[in-house]
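In what follows, a structure is listed as structure tokens, so that the remarks can point back to it.
The values are calculated or read from the model by the stated rules, or taken from the named source; none is laboratory data. None of the values given here were measured: they were computed from a predicted structure. Note: ideal-geometry Cβ built from the backbone for every residue, glycine included; neighbour counts use all protein chains shown.
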Amino acid sequence: MRSNRFPIDENTEINWRVLKDLVPHLMEFRGRIVLAIAFLIAAKLATIGLPFILKYVVDGLNVKDTATQLVVVPVALIIAYGALRFAGVMFGEIRDTLFGRVTERAMRRVALKVFTHLHRLDLDFHLNRQTGGLSRDMERGVSGISFLMRFMVFNIVPTLFEIAAVVGVLFVQYGYHFSLVIFASVVAYVLFSMRATDWRTQYVREMNQADTSSNSRAIDSLLNYETVKYFNNEEYEAKRYDVDLKAWEDARRKNRLSVFVLNGGQAFIIASAMTGMLVFAGFGVQSGDMTIGDFVLINAMTMQIFMPLNFLGFVYREIRGSLANIENMFKMLNQAPKVVDNENATELTAKEGKIEFKNVHFHYQPDRPILRGVSFDVKPGQKVAIVGGSGAGKSTIIKLLFRFYDAEQGEILVDGQNIKTVTQSSLRKLIGIVPQDTVLFNDTLFENIRYGNPKASDDEVKQAARLAHLDHFIDSLPQGAETQVGERGLKLSGGEKQRVAIARTVLKRPPIMLFDEATSSLDSHAEQAILQALKEIAQGHTSLVIAHRLSTIVDADKIIVMDKGTITEQGTHHALLKKGGLYAQLWHTQQSSEEDESSKDKVNKER
Ligand SMILES: Nc1ncnc2c1ncn2[C@@H]1O[C@H](COP(=O)(O)OP(=O)(O)OP(=O)(O)O)[C@@H](O)[C@H]1O
Ligand SMILES: [Mg+2]
């Protein structure tokens with residue numbers, strides 16, 4: 001039900017190892033890191049100095065010049081107080097500025113790494129994912145780095161440093177009472193915050209999951225806008241979305257209540273500590289051991305210590321959350337692609353374009369074989385057609401040849417080299433595919449065609465458009481080739497999209513071309529024209545053509561007939577007709593229905 005691909009186990013401990021994985025990404029600006037730490041220490045020293053100056057100011061004000069009976073204002077000290085306060089803030093800002101660049105560089109590197117990795121992962125992974133959820137996971141992981149750095153490096157570590165310094169100073173100045181109270185309350189505070197935060201992590205995760213889930217649902221639903229309309233299912237979609245939203249609302253409510261408990265408990269510990277400290281200080285002043293300045297110092301110092309601690313629950317939770325998010329992202333990075341290059345993979349060299357399938361077996365799911373011992377070959381420069389019923393496994397053959405998947409058994413050879421032993425990129429460079437369903441980028445028509453070869457010149461792109469018979473269409477558009485095609489290319493008709501796909505492949509000009517019903521959405525006239533063009537383009541190229549309309553493949557050097565994952569017949573059009581098998585049957589059925597069509601046309605015309 002949850003779209004999150006990596007559900008987080010509620011009981012997992014914080015995985016500090018994630019930090020270790022992160023460190024290498026931070027090491028690009030070592031100098032900056034050192035400088036930032038120096039400013040961090042300077043800022044903390046300035047803050048610890050503040051209460052002391054305050055003490056001397058108060059004590060100074062409290063002493064009357066016995067001769068004049070005048071209160072002497074210690075101006076120099078007050079100015080020093082102001083200067084130190086300003087310095088403390090400025091040092092902090094400088095530290096953030098210095099370190100910001102380190103974090104941002106790490107974020108950039110990691111985001112790019114994840115993105116590249118996602119493209120490396122196999123088709124299967126991508127068919128099982130939810131784009132919305134995936135992009136959220138990625139986004140959360142990357143911003144997790146920023147959170148982690150901000151809070152870990154600049155909150156937790158300096159705060160610990162400050163606490164230790166203050167406890168020490170109080171001990172030396174005023175004896176063990178004060179340092180003990182501070183120490184005990186800080187320990188109580190930290191323990192409580194961590195326990196409470198751990199307890200409420202489940203609600204935070206629930207909330208995040210509900211957030212991811214409702215987001216994927218909304219995106220999926222909007223991507224399917226047309227389908228929703230076809231079936232009048234707006235209300236159904238809204239209801240499903242609302243179920244997710246309700247889960248999100250519930251999770252938020254529980255989360256809010258848990259924040260209440262956390263903040264309440266923290267406030268109680270702080271208030272008790274403050275009271276305790278002031279009671280001791282009050283007695284100290286009363287007995288004359290301490291001055292009013294000391295009382296002020298104790299108050300200021302206690303407040304100062306607890307101020308950063310106030311965020312501890314939040315910070316701890318954020319760190320936890322960030323670590324979980326980063327871990328999630330790293331898990332995605334560690335997800336091994338199922339289709340990988342061999343360690344000693346070679347470049348696919350020969351350019352002849354011979355294809356051989358030798359007893360290939362394949363399944364998507366173990367209990368449902370799709371290809372069962374498929375063997376055929378395509379000689380260099382030949383045009384071979386694959387025909388057969390829907391679901392017979394025709395498109396699967398193309399996917400295997402392109403190595404979207406690896407065959408379970410058997411071998412696929414291109415120019416005598418097993419495609420498993422060559423690099424994927426060298427294989428794919430040699431193969432052009434016009435897929436069964438073309439999806440376009442949300443960009444201009446021109447850029448979509450150019451995608452076939454980003455280095456192509458404008459003239460080459462135009463030439464490809466002409467070959468794919470797109471030129472008239474483009475001329476008819478007010479914005480011509482600069483027309484935006486809409487998300488996934490939905491603003492184009494099916495036939496137009498197919499022609500864009502053909503133009504792309506023409507631009508790529510690979511030695512092997514695969515057409516998966518490349519002209520199925522075109523009318524007979526356009527189809528014939530394009531087939532003629534393709535014939536010219538395919539001159540000297542090897543092509544594998546999947547077709548439903550048998551009249552388009554009559555001229556093929558060989559026709560392979562598939563049924564339920566096996567090849568039942570192969571041969572030329574005439575040989576197969578003579579044989580009188582499945583192909584002959586298909587041919588006659590299509591012929592007679594085409595005759596029906598044309599006679600209907602005639603009748604219509606005569607009317
Ligand atoms: N990613 C996948 N996961 C699971 N099953 C799949 C997957 N892709 C395809 N199939 C199944 O494999 C079978 C063969 O699919 P394939 O796309 O090769 O058929 P086809 O011969 O091209 O059919 P059509 O003529 O309808 O395009 C189908 O029954 C399909 O349901
Ligand atoms: Mg298909």
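Listing for the model above:
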{"read-out": "From GLU517, GLU527, residue being within 16 Å of ligand 2 (Cβ to nearest atom) and surrounded by fewer than 22 Cβ atoms within 10 Å (Cβ to Cβ)", "value": "GLU517"}
{"read-out": "Residues of region 385-406 classified as closer than 25 Å to THR589 by Cα and more than 13 Å from ligand 2 (Cβ to nearest atom), total", "value": "1"}
{"read-out": "Selected residue (only one of SER375, SER395 is polar (S, T, N, Q) and either surrounded by 16 or more Cβ atoms within 10 Å (Cβ to Cβ) or within 15 Å of ligand 1 (Cβ to nearest atom) (or both))", "value": "SER395"}
{"read-out": "Failed criterion for LYS351 (all others in (1) surrounded by 14 or more Cβ atoms within 10 Å (Cβ to Cβ); (2) within 30 Å of THR116 (Cβ to Cβ); (3) not hydroxyl-bearing (Ser, Thr, Tyr) hold)", "value": "(1)"}
{"read-out": "Selection within region 103-120 - under 16 Å from ARG136 (Cα atoms) and aliphatic (A, V, I, L, M)", "value": "MET107, VAL110, ALA111, LEU112, VAL114, LEU118"}
{"read-out": "One residue from ASP294, ASP250 being closer than 19 Å to PHE52 by Cα and either part of a helix (DSSP H, G or I) or out of contact with any Leu (no Cβ under 8 Å at 6 or more places or on another chain) (or both)", "value": "ASP294"}
{"read-out": "When residues of region 477-514 are limited to those that are of a type in the set (Gly, Ala, Ser) and within 16 Å of ligand 1 (Cβ to nearest atom), the one surrounded by the fewest Cβ atoms within 10 Å (Cβ to Cβ)", "value": "GLY494"}
{"read-out": "One residue from ILE553, ILE546, ILE559 being within 16 Å of ligand 1 (Cβ to nearest atom) and touching a Gly at 6+ places or on another chain (Cβ under 8 Å)", "value": "ILE559"}
{"read-out": "Any hit, region 145-155, residues being buried (at least 17 other Cβ atoms within 10 Å of the Cβ), charged (D, E, K, R) and in contact with a Leu (Cβ under 9 Å, 6 or more places away or on another chain)", "value": "no"}
{"read-out": "Any hit, region 379-390, residues being surrounded by fewer than 17 Cβ atoms within 10 Å (Cβ to Cβ) and within 11 Å of ligand 1 (Cβ to nearest atom)", "value": "yes"}
{"read-out": "Among the candidates MET274, MET303, residue that is buried (at least 17 other Cβ atoms within 10 Å of the Cβ), in contact (Cβ under 8 Å) with a residue 12 or more places away in the chain and either within 30 Å of VAL63 (Cα to Cα) or not aliphatic (A, V, I, L, M) (or both)", "value": "MET274"}
{"read-out": "Test set (1) surrounded by fewer than 20 Cβ atoms within 10 Å (Cβ to Cβ); (2) away from ligand 2 (no atom under 16 Å from the Cβ) - ARG549 fails condition number", "value": "(2)"}
{"read-out": "Condition check for LEU427: in contact (Cβ under 8 Å) with a residue 60 or more places away in the chain and either more than 16 Å from ligand 2 (Cβ to nearest atom) or under 26 Å from LEU400 (Cβ atoms) (or both)", "value": "yes"}
{"read-out": "Number of the condition not met by GLN570 [criteria: (1) in contact (Cβ under 8 Å) with a residue 60 or more places away in the chain; (2) more than 16 Å from ligand 2 (Cβ to nearest atom); (3) not in a strand (DSSP E or B)]", "value": "(3)"}
{"read-out": "For ASP367: the one exception among (1) assigned by TED's automatic domain parsing to the domain that holds THR519; (2) acidic (Asp, Glu); (3) in contact (Cβ under 8 Å) with a residue 40 or more places away in the chain", "value": "(3)"}
